[in-house]
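Below is one structure; the comments refer to it alone.
The values are calculated or read from the model by the stated rules, or taken from the named source; none is laboratory data. None of these values were measured; they are calculated from a predicted model. Glycine also receives a Cβ, built like all others from the backbone with ideal geometry; neighbour counts cover every protein chain displayed. The area values use the complete protein model at the heavy-atom level, side chains included, leaving out ligands, DNA and RNA. Shrake-Rupley method; radii C 1.70, N 1.55, O 1.52, S 1.80 Å.
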Amino acid sequence: MYRLFCNNKMLVCINFFEHFLDATIDSDKLSSQLFDNTFNKVKNWLENGEENLYIDDVDNDILAAVFKKIFHFAPAAGGLVLINKSIVAIERNGRMDLPKGHIEKNEQTDIAAMREVEEETAISNLSIIKQLPSSHHCYLLNGQWTLKKTSWFLMKSDDEFKPKPQEEEGISNVFLLNKDNVNCFLENTYPSIRLALEKDILKTLN
(Lines give C-alpha, C1' and ligand atoms only; values in the text may rest on other atoms or scores of the structure.)
Protein backbone atom coordinates (compact mmCIF):
# COMPACT_ATOMS: atom_id res chain seq x y z
CA MET A 1 0.00 0.00 0.00
CA TYR A 2 1.21 3.49 -0.90
CA ARG A 3 -0.12 6.56 0.92
CA LEU A 4 0.58 10.11 -0.21
CA PHE A 5 -0.56 13.24 1.63
CA CYS A 6 -1.57 16.51 0.05
CA ASN A 7 -2.29 18.93 2.89
CA ASN A 8 -4.77 17.02 5.07
CA LYS A 9 -6.09 14.65 2.42
CA MET A 10 -4.58 11.33 1.39
CA LEU A 11 -4.18 9.35 -1.82
CA VAL A 12 -4.24 5.63 -1.02
CA CYS A 13 -3.07 3.17 -3.70
CA ILE A 14 -4.14 -0.16 -2.25
CA ASN A 15 -1.98 -2.54 -4.29
CA PHE A 16 0.84 -0.16 -5.18
CA PHE A 17 4.26 -0.09 -3.53
CA GLU A 18 7.06 2.44 -3.73
CA HIS A 19 9.54 0.20 -5.54
CA PHE A 20 7.33 0.31 -8.65
CA LEU A 21 8.50 3.92 -9.11
CA ASP A 22 12.05 2.65 -9.76
CA ALA A 23 11.03 0.51 -12.73
CA THR A 24 11.44 1.55 -16.35
CA ILE A 25 8.13 2.66 -17.80
CA ASP A 26 6.89 1.06 -21.01
CA SER A 27 6.15 3.95 -23.39
CA ASP A 28 3.02 2.12 -24.58
CA LYS A 29 1.52 2.71 -21.12
CA LEU A 30 1.60 6.45 -21.70
CA SER A 31 -0.70 6.24 -24.70
CA SER A 32 -3.39 4.07 -23.12
CA GLN A 33 -6.87 5.22 -22.16
CA LEU A 34 -6.34 3.86 -18.65
CA PHE A 35 -3.28 6.09 -18.25
CA ASP A 36 -5.26 9.15 -19.36
CA ASN A 37 -8.16 8.32 -17.03
CA THR A 38 -5.88 7.73 -14.04
CA PHE A 39 -3.80 10.82 -14.77
CA ASN A 40 -6.91 13.00 -14.89
CA LYS A 41 -8.32 11.43 -11.72
CA VAL A 42 -5.14 12.06 -9.71
CA LYS A 43 -4.60 15.55 -11.13
CA ASN A 44 -8.20 16.53 -10.38
CA TRP A 45 -7.83 15.20 -6.84
CA LEU A 46 -4.67 17.24 -6.31
CA GLU A 47 -6.24 20.43 -7.59
CA ASN A 48 -9.88 20.13 -6.51
CA GLY A 49 -10.39 17.11 -4.27
CA GLU A 50 -11.34 17.55 -0.62
CA GLU A 51 -11.66 13.90 0.39
CA ASN A 52 -9.25 10.97 0.41
CA LEU A 53 -8.87 9.18 -2.93
CA TYR A 54 -8.57 5.38 -3.03
CA ILE A 55 -7.25 3.53 -6.09
CA ASP A 56 -7.29 -0.27 -6.15
CA ASP A 57 -8.09 -1.20 -9.74
CA VAL A 58 -5.22 0.28 -11.78
CA ASP A 59 -2.17 -1.57 -13.10
CA ASN A 60 0.96 -0.71 -11.09
CA ASP A 61 2.90 0.25 -14.22
CA ILE A 62 0.15 2.73 -15.10
CA LEU A 63 0.22 4.24 -11.61
CA ALA A 64 4.00 4.56 -11.71
CA ALA A 65 3.78 6.29 -15.10
CA VAL A 66 1.13 8.70 -13.78
CA PHE A 67 3.26 9.59 -10.75
CA LYS A 68 6.32 10.21 -12.90
CA LYS A 69 4.29 12.37 -15.30
CA ILE A 70 2.73 14.55 -12.60
CA PHE A 71 5.46 14.91 -9.98
CA HIS A 72 8.94 16.23 -9.58
CA PHE A 73 10.60 14.00 -6.97
CA ALA A 74 12.47 15.70 -4.10
CA PRO A 75 13.98 13.16 -1.67
CA ALA A 76 14.58 14.27 1.90
CA ALA A 77 15.85 12.78 5.15
CA GLY A 78 15.40 13.48 8.82
CA GLY A 79 15.79 12.21 12.33
CA LEU A 80 13.95 11.07 15.39
CA VAL A 81 16.71 12.12 17.78
CA LEU A 82 17.04 10.74 21.29
CA ILE A 83 18.58 12.84 24.06
CA ASN A 84 18.20 11.68 27.66
CA LYS A 85 15.19 9.49 26.80
CA SER A 86 13.41 12.43 25.12
CA ILE A 87 12.93 13.19 21.41
CA VAL A 88 14.07 16.38 19.69
CA ALA A 89 11.27 18.27 17.94
CA ILE A 90 11.02 21.66 16.27
CA GLU A 91 8.52 24.36 15.46
CA ARG A 92 8.76 25.39 11.80
CA ASN A 93 6.57 28.11 10.35
CA GLY A 94 4.18 27.75 13.27
CA ARG A 95 3.80 23.97 12.91
CA MET A 96 5.25 21.23 15.10
CA ASP A 97 7.69 19.14 13.09
CA LEU A 98 10.83 17.01 13.21
CA PRO A 99 14.23 18.07 11.82
CA LYS A 100 14.58 17.09 8.16
CA GLY A 101 15.67 18.46 4.80
CA HIS A 102 16.62 17.80 1.19
CA ILE A 103 19.20 15.21 0.24
CA GLU A 104 22.01 16.76 -1.77
CA LYS A 105 23.26 15.30 -5.04
CA ASN A 106 25.28 12.08 -4.50
CA GLU A 107 24.72 12.31 -0.73
CA GLN A 108 23.94 9.14 1.22
CA THR A 109 20.52 9.20 2.84
CA ASP A 110 21.71 8.54 6.40
CA ILE A 111 24.44 11.19 6.10
CA ALA A 112 21.87 13.68 4.84
CA ALA A 113 19.60 12.92 7.81
CA MET A 114 22.36 13.65 10.34
CA ARG A 115 23.50 16.75 8.46
CA GLU A 116 20.00 18.19 8.38
CA VAL A 117 19.44 17.51 12.08
CA GLU A 118 22.67 19.29 12.96
CA GLU A 119 21.95 22.24 10.64
CA GLU A 120 18.41 22.77 11.89
CA THR A 121 19.01 22.22 15.61
CA ALA A 122 22.78 22.63 16.22
CA ILE A 123 22.74 19.21 17.90
CA SER A 124 25.86 17.23 17.00
CA ASN A 125 27.64 14.00 17.98
CA LEU A 126 24.88 12.04 16.26
CA SER A 127 24.80 8.31 15.60
CA ILE A 128 22.11 6.30 13.84
CA ILE A 129 20.34 3.46 15.62
CA LYS A 130 18.06 2.23 12.84
CA GLN A 131 15.99 3.31 9.86
CA LEU A 132 12.29 4.08 10.38
CA PRO A 133 9.30 4.14 7.98
CA SER A 134 9.32 6.89 5.36
CA SER A 135 6.70 9.59 4.97
CA HIS A 136 5.30 10.91 1.68
CA HIS A 137 3.65 14.23 0.93
CA CYS A 138 3.31 16.55 -2.02
CA TYR A 139 2.86 20.26 -2.66
CA LEU A 140 2.62 22.74 -5.51
CA LEU A 141 5.76 24.82 -6.03
CA ASN A 142 6.07 27.35 -8.85
CA GLY A 143 3.37 25.55 -10.81
CA GLN A 144 5.03 22.12 -10.46
CA TRP A 145 3.67 19.33 -8.27
CA THR A 146 6.50 18.10 -6.08
CA LEU A 147 6.52 14.76 -4.25
CA LYS A 148 8.73 14.59 -1.17
CA LYS A 149 9.68 11.23 0.27
CA THR A 150 11.34 11.70 3.66
CA SER A 151 13.52 8.84 4.88
CA TRP A 152 13.54 8.83 8.69
CA PHE A 153 16.17 7.47 11.05
CA LEU A 154 16.15 6.85 14.78
CA MET A 155 19.35 8.41 16.10
CA LYS A 156 20.89 9.56 19.35
CA SER A 157 23.20 12.22 20.64
CA ASP A 158 25.23 12.18 23.83
CA ASP A 159 25.65 15.95 23.75
CA GLU A 160 24.04 18.25 26.28
CA PHE A 161 20.77 19.71 24.98
CA LYS A 162 21.79 23.22 23.93
CA PRO A 163 19.95 23.72 20.64
CA LYS A 164 20.00 26.66 18.26
CA PRO A 165 17.06 26.92 15.81
CA GLN A 166 17.97 27.48 12.17
CA GLU A 167 15.88 30.63 11.82
CA GLU A 168 16.51 31.08 8.10
CA GLU A 169 14.62 27.79 7.58
CA GLY A 170 11.62 29.10 9.48
CA ILE A 171 12.49 27.25 12.69
CA SER A 172 11.57 29.24 15.78
CA ASN A 173 11.98 26.64 18.50
CA VAL A 174 13.79 23.38 19.26
CA PHE A 175 12.35 21.44 22.18
CA LEU A 176 12.16 17.97 23.72
CA LEU A 177 9.23 15.60 23.47
CA ASN A 178 8.31 13.50 26.48
CA LYS A 179 5.25 11.69 27.83
CA ASP A 180 3.72 14.98 28.97
CA ASN A 181 3.70 16.80 25.63
CA VAL A 182 3.83 14.05 22.99
CA ASN A 183 0.06 13.95 22.46
CA CYS A 184 0.02 17.68 21.80
CA PHE A 185 2.83 17.22 19.27
CA LEU A 186 1.03 14.39 17.46
CA GLU A 187 -2.18 16.39 17.28
CA ASN A 188 -0.43 19.42 15.78
CA THR A 189 2.21 17.96 13.48
CA TYR A 190 1.75 16.98 9.83
CA PRO A 191 -0.50 13.98 9.16
CA SER A 192 2.21 12.35 7.04
CA ILE A 193 4.58 12.36 10.04
CA ARG A 194 1.85 11.12 12.37
CA LEU A 195 0.98 8.23 10.07
CA ALA A 196 4.60 7.16 9.52
CA LEU A 197 6.11 7.70 12.96
CA GLU A 198 3.46 7.80 15.67
CA LYS A 199 4.04 4.20 16.77
CA ASP A 200 7.81 4.66 16.93
CA ILE A 201 7.51 7.96 18.79
CA LEU A 202 5.22 6.50 21.43
CA LYS A 203 7.27 3.29 21.72
CA THR A 204 10.48 5.26 22.12
CA LEU A 205 9.06 7.45 24.90
CA ASN A 206 7.58 4.48 26.77
Put +1 on the Cβ of each Lys and Arg and -1 on the Cβ of each Asp and Glu in the stretch 61-184; which of Ser151, His102, Leu63 then has its Cα farthest toward the positive end of the dipole?
Leu63
Using a 1.4 angstrom probe on the protein heavy atoms only, line up Leu30, Leu197, Leu126 by accessible area, largest first.
Leu30, Leu126, Leu197
At 0.36 nm per residue, and after removing the present C-alpha to C-alpha distance, how many nm does the segment from Lys199 to Asp26 gain when stretched out fully?
58.5 nm
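Count charges around Lys100 for me, please; just the other residues with Cβ under 10 Å from its Cβ, Lys/Arg as +1, Asp/Glu as -1. Walk me through the numbers before you get to the answer.
Numbers: positive: Arg92, Lys148; negative: Asp97, Glu116, Glu120.
Every neighbour counted, the sum reads -1.
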Just how large is the dipole of the chain about the Cα centre, in debye to the nearest 20, putting +1 at every Lys and Arg Cβ and -1 at every Asp and Glu Cβ?
280 debye
Reach of Lys130 by Cα under 14 Å, taken over aspartates and glutamates that are not fewer than 8 positions away in the same chain:
Asp110, Asp200
Rounded to whole Å, give me the distance from the Cα center of the stretch 1-65 to that of the stretch 166-191.
31 Å
How far is it, in nm, from the label point at Ser124 to the one at Phe73 when both lie 7 Å from their Cα along the line to the Cβ?
3.4 nm
For Lys9, counting only lysines whose alpha-carbon sits under 27 Å away and dropping same-chain residues fewer than eight positions off, the answer is Lys41, Lys43, Lys68, Lys69, Lys100, Lys148, Lys149, Lys199, Lys203
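Work out the length of the dipole vector of the stretch 89-206 about its Cα centre, built from +1 on the beta-carbon of each Lys and Arg and -1 on the beta-carbon of each Asp and Glu, and round it to the nearest 20 debye.
On the way: 15 positive and 19 negative charges, 100 e Å.
Charge dipole, the stretch 89-206, about its Cα centre: 480 debye, nearest 20.
Near Glu18, within a Cβ-to-Cβ distance under 12 Å, what is the net charge of the other residues, with Lys and Arg +1 and Asp and Glu -1?
Values: positive: Arg3, Lys149; negative: Asp22.
Residues near Glu18 contribute +1 overall.
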Phe73: net charge of surrounding residues, Cβ under 10 Å, Lys/Arg +1, Asp/Glu -1, itself excluded?
+3
At a threshold of 8 angstrom on Cα-Cα distance, excluding pairs fewer than six apart, so keeping six or more, what relative contact order does the stretch 132-206 reach in percent?
31 percent
Rounded accessible area of His102 (nearest 10 Å², 1.4 Å probe):
90 Å²
P(r) tail for the stretch 11-112, what percent of Cα pairs lie past 16 Å?
69 percent
Checked against the structure, the computed log10 I(q)/I(0) by the Debye sum over Cα atoms at q = 0.08 Å⁻¹ among [x] -0.36; [y] -0.26; [z] -0.31 is the one labelled [z]
Connecting C-alpha atoms closer than 10 Å in a GNM of the chain, tell me which of Ala65, Ala23, Ala112 has the biggest fluctuation.
Ala23
